[in-house]
Structures are given as C-alpha cells and as structure tokens.
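Visitor: Structure provided below as structure tokens; questions to follow.
The values are calculated or read from the model by the stated rules, or taken from the named source; none is laboratory data. This one's a predicted model, so the numbers in the text were calculated from it and none came from an experiment. Glycine gets a Cβ as well: all are built from the backbone with ideal geometry, and neighbour counts include every protein chain shown. Note: accessible area is taken over every heavy atom of the protein model, side chains too, but ligands, DNA and RNA are not part of it. Shrake-Rupley method; radii C 1.70, N 1.55, O 1.52, S 1.80 Å.
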Amino acid sequence: MKQTDKRQALLWLIHLIGWGIMFGFPFFFASREGNPITFQWYLGYVFVPVAFMLVFYVNYFWWIDRVLFRKKLFQFILLNILLISAICFCLDAWMHFYFQHFIKAAFSGHPGPPKVMVISRDFMLMGLTAGLSVAIRVTGNWYKMETERKELEKGRVEAELKSLKNQLNPHFLFNTLNNIYSLIAFNPETAQHAVHDLSRLLRYILYENNQNRVPLAKEIEFIDNYIALMKIRLPLEVVVETEIYAERNVEIAPLLFITLVENAFKHGVSPTAPSFISIELHTVGEGEVFCQVENSYFPKKREDKSGSGIGLENLRKRLTLLYPGRYMLVTEKQGEKFVAELRIRI
C-alpha cells in the first residue's frame, strides 16, 4: 500500500473512532447509572451528533475547498452562519416535538433552561465544529503539500546526482586517457597494459557508479588500481606514499575520493623538480571516513585545458546532496604543497 493510501486509511479511521465515541457516548454511562437505554430515549439524543456531523462534513467536503480555499472568507462565514442557524432551528423544533410527544410526563415539572440559552449553546458548539473541520482539512492539505514537495525535492536531487555522475565519468576518462596518451610516446608496451588496467577501472565506474552505496573496500581497491596505473608513467624521483585501508565494513557513495587523487597526479608531478604525492584514506572510529591528499604543487598553465577544472566543483555538489551537514572538505595551498582533506560522517 502506498504512503498516501495509508495516510488516507488512518485519517478515516480517526474519523470513524471520533464519531463512534460521540454516537456511543450515552452507552458509556448507562451501566454506571443503572438506567437502560431505550430506542425512544436514544432517538432524542442521536439527532444532536447528526447535526454536528452535518456541519462538519458540509464544510469538510464542499465549502472549505470551494469557498474558503478560494479566498472567499466572508462568504464562507456567512454560509456557516446560515447553515448553523437553520440546523439549530430544526434541532430546537425536533427537541420540542420530542419532549412534547415522547417524554412529556417525565419532565412535566421541569421546564428546563431557557430556549435562547440552549440555541446559543448549540450555535457556539457547531461553530467550533466548523472550525475543527477547517483545522483538520488545512492540516491535511499542508501534510499533502509537504509530502509532494519532499517527493519533488527527492526527484530533483536524484536528477542532479545523475547529471553530476554523467559529468564525472567523461571527466575521469579524459584525464586517464590523457595520461596513457603521454605514456605511448616513450613506452608503447606499457601503454598497452595501461589500457587493460583502464578497462578494469571503467568496469567499476560503469557498474558500481549506478549504485547509491558501495563497500568502502571496493572503493579502496579502485583507488589502489588507479594509483598503480598512474605510477607507470611517473619518473623514479617522484615519491608516492599511500596509507589506504578500511578497518570497518562501511558503505559509502561511489567515486568521491578519486577527484582528490586525480588532482594530486595532475598538479603534483613535475618532470624536472622534486615531487611527491601522499594519500591517506581510512575509517576513523565507528562512523567517519577520512581522506587526506598532499602533493607538491605545480599548477597547470592556462593553455592546459584538460579536465576543464570541474572535478572539485562537482565533488562539492555531490557531497552537499549526498551528505548534507555531514562532511567537511578543505583544500588549500600550504607553502610549496597542496593539501586536500575530506571527512564524511556515515
């Protein structure tokens, strides 16, 4: 059963219980007082809840939607005054007829309260009933609109995430192919092996990226394979240090850390100057994943357009959508090195 159907069923169950209590009210006290409830006696009582039910549902099904929600407040109040006045007049006439013909003898010495007081009491209670109908209907409409808004927001977030993923795949592929292209020039055989390794990485992207969450161990394996692929073309002088492990079996959104690792290889290696890359990725405590990437900083020249600079921007957008308020991403230049730190609370 859909969530909306469940809510409707619960709402009507509440209606049924509420009116059941009102119609059965006399039976709760009959056993205590020891007075049996006859059909003749109950006939005099039942018209009261029927009158309240009439006011409630005329508003609930018709006037609230067709008058009040169309911003015709004066007309809505006037219609209720006319309806309640008519019902109070009919209820008073019925009670007068009922007492005169059915239980006149029992109350011959008790004239009862003044008629004006009785009518005023009934009018006020029925006015409150109309107000209760408005309150329930407005609350129900607000809940419905809020549910629809959340569903629309969820659809928007999923569509935006899908769009970001579609950008991520070409971006990753472009950078990796660019590295393999440069490798072909001086080592074609190694480049062939690199293409084979790339196919394994792409297989992970194509299949795992369609899932909302993947085990951290799989993400770590992917990062390890990518680092091994990138190290093939690096000069021996470049120092690459890694501390990557998963102490706990946690799940995380796929391909969040590859952007930081890519940037390190893209901006952290120089063919002439001493270079280093340090990558740390592991769990912290029971509910946090920590990733820190440090590298020597050699910013690309303006004419180098590879990657279009969309990696970090897309990463921040994905983190905001996937882990709102539960992540910290800091990227900064510290002297001659660049440091990126990402913490995610699972």
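Visitor: In a shell of Cβ-Cβ distance under 13 Å around S296, excluding S296 itself, what net charge do Lys and Arg (+1) and Asp and Glu (-1) give? Don't skip to the answer; put the middle values down first.
Guide: Values: positive: K266, K333, K337; negative: E237, E241, E294, E336.
Net of charged neighbours comes to -1.
Visitor: To continue, here is another question. In the neighborhood of A228, defined by Cβ-to-Cβ distances under 11 Å, what is the net charge if each Lys or Arg adds +1 and each Asp or Glu adds -1?
Guide: -1
Visitor: On to the next question. Treat every Asp and Glu Cβ in the range 209-284 as -1 and every Lys and Arg Cβ as +1, leave all other atoms uncharged, and give the resulting dipole magnitude about the Cα centre to the nearest 20 debye. Intermediate results must be reported in sequence, preceding the final value.
Guide: Working: 6 positive and 10 negative charges, 48 e Å.
So the magnitude is around 220 debye.
Visitor: So what's the gap between the Cα centers of the range 183-199 and the range 283-300, to the nearest angstrom?
Guide: One Cα centre to the other: 28 Å.
Visitor: Something else: Ignoring any ligand, DNA or RNA, what whole percent of the accessible area of the range 231-346 comes from carbon and sulfur when the probe is 1.4 angstrom?
Guide: 48 percent
Visitor: Once R0 is set to 25 Å, what does the formula 1/(1 + (r/R0)^6) return for the Cβ-Cβ distance between L132 and D92, expressed as a FRET efficiency to the nearest 0.05?
Guide: Between L132 and D92 the formula returns 0.65.
Visitor: Can you give me the distance in nm between label points at L321 and S120, each placed 7 Å from the Cα along the Cα-to-Cβ direction?
Guide: Spacing of the two 7 Å Cα→Cβ label points: 6.4 nm.
Visitor: Which entries in K266/K333; K218/K333; K6/K72; K231/K317; K218/K317 show an alpha-carbon gap greater than 25 Å? If you can, show how the numbers build up before the last one.
Guide: Values: K266/K333 15 Å; K218/K333 30 Å; K6/K72 32 Å; K231/K317 29 Å; K218/K317 23 Å.
Distance filter (> 25 Å) returns K218/K333; K6/K72; K231/K317.
Visitor: Determine, from the Cβ-Cβ distance of N314 and M53 and an R0 of 56 Å, the FRET efficiency 1/(1 + (r/R0)^6), rounded to the nearest 0.05.
Guide: 0.45
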